[in-house]
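Following: one structure in structure tokens, then a few remarks.
The values are calculated or read from the model by the stated rules, or taken from the named source; none is laboratory data. Not measured: the values here are computed from a predicted model. Cβ placement follows ideal geometry from the backbone for every residue including glycine, while neighbour counts extend to all protein chains displayed. Areas reflect the complete protein model, heavy atoms only, side chains present, ligands, DNA and RNA absent. Shrake-Rupley method; radii C 1.70, N 1.55, O 1.52, S 1.80 Å.
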Amino acid sequence: MPSLKDLRNRIASVKATQKITKAMQMVAAAKLRRAQMAAEAARPYAERMDAVLANIAAGVGAGSQAPALLAGTGKSDVHLLVVCTAERGLCGGFNSSIVRLARERINSLLAQGKTVKILCVGKKGYEQLRRQYDKHIVELVDLRALKNIGYVNADAIGKKVISMFEAGEFDVCTLFFSRFRSVIQQIPTALQIIPAQIPAEASAKASYDYEPEEGEILASLLPRNISVQVFRALLENAASEQGARMSAMDSATRNAGEMIKKQTMKYNRSRQAMITKELIEIISGAEAL
């Protein structure tokens, strides 16, 4: 049975941890507001970009005039998975949920005899995936030094992916991230960005005459769209990470409070038992006299 000093040390330790988790919760709440605003502001632009590309691509089709980023290579033998996760932990199951979705896709592709390459954006996803798929990881993009994610960072990743595609290193590229819905709900998402996926209803849209030609416009917009989708994924991840961390730290703070109550009750009972024992010894000694 632990002594009173051990119980006091445990209570003090849990109280110190509770202060840390409460502070982290408040910091995450402050960061979440900014991250959520940035993610929501990026959604209309990304969605409108998709709509414009779908409308133009519907007129071009997948023929010889279509750029390679739209038509693809005609094969699906080599897949590049761009897995975007956080650089830090203590955010519940945020990182694990993205990695789990990526792992399911990797296992499915390997079972089909496909070649899989992994580009990790974020340290936590890399640490989890390298345990099982170390030979499949081609590069790690480390963003720990950045305070705020900018378009220039996403553009660098997008250009890296495009250069790999132009070098013939893969046929299909899929982006993995977590879409922010609320503080308690983040949705792991897989989005194919090469070749670009055009909605089936795009052909039903109104037709327009473009100047210059559709193929020339697509050749300019498709690379930009990849960077836009990566930027959107990073912003969604930033908001999801802070939301998950806020929720996780709130749970940790409440659990610490419950632990403090239990340890305090245990301490009081042990102290009461020791006092009762001492009183019994005093009374017994007095009666013996």
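The table that follows gives values for the structure above.
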{"read-out": "Pairwise FRET efficiency - LYS75 versus GLN132, Cβ, R0 = 30 Å, nearest 0.05", "value": "0.70"}
{"read-out": "Spin-label model distance (nm) - SER182 vs MET265, 7 Å beyond Cα toward Cβ", "value": "3.1"}
{"read-out": "Nearest-ten-degree value, helix 123-133 long axis tilted from longest Cα axis of the chain", "value": "80"}
{"read-out": "Residue-span extension gain [ALA111 to VAL52] - 0.36 nm each, minus C-alpha spacing", "value": "17.6 nm"}
{"read-out": "Part-to-part distance (alpha-carbon centres) for the range 65-110 and the range 224-284, which is given in Å", "value": "34"}
{"read-out": "Pairs from LYS75/LYS135; LYS124/LYS159; LYS124/LYS262 whose Cα-Cα separation, in the structure shown, is over 29 Å", "value": "LYS124/LYS262"}
{"read-out": "Mean projection area, nm², convex hull over Cα of the chain", "value": "20.8"}
{"read-out": "Segment LYS147-THR276, length gained on full extension (0.36 nm per residue, minus Cα span)", "value": "40.6 nm"}
{"read-out": "Helical contribution to [θ] at 222 nm, DSSP H n ≥ 4, -39,500 (n - 2.57), averaged over the chain, rounded to 500", "value": "-22500 deg cm²/dmol"}
{"read-out": "At 1.567 mPa s and 4 °C, Stokes D of the range 1-123 from Kirkwood alpha-carbon radius, µm² per second", "value": "65"}
{"read-out": "Residues of the chain: accessible area per residue with a 1.4 Å probe, Å²", "value": "56"}
{"read-out": "FRET efficiency for GLU258 and ALA68, using Cβ-Cβ distance with R0 set to 41 Å, rounded to 0.05", "value": "0.10"}
{"read-out": "Convex hull projection area averaged over all views, the range 226-289, Cα basis, nm²", "value": "4.8"}
{"read-out": "Isotropically averaged projected area of the range 95-142, using the convex hull of Cα atoms (one quarter of hull area), nm²", "value": "3.0"}
{"read-out": "Alpha-carbon spread of the range 92-189, three principal axes, descending order, Å", "value": "39, 30, 23"}
{"read-out": "Most mobile listed residue (ARG34, ARG103, ARG131) in the chain, GNM with C-alpha springs under 10 Å", "value": "ARG131"}
{"read-out": "Rounded percent of accessible protein surface that carbon and sulfur make up, the chain, 1.4 Å probe", "value": "52"}
{"read-out": "Whether the range 1-54 is rounded, prolate or oblate, judged on the alpha carbon gyration tensor where a/c under 1.5 counts as rounded", "value": "prolate"}
{"read-out": "LYS117 long-range amide H proximity, modeled H, under 5 Å", "value": "HIS79, LEU80, LEU81"}
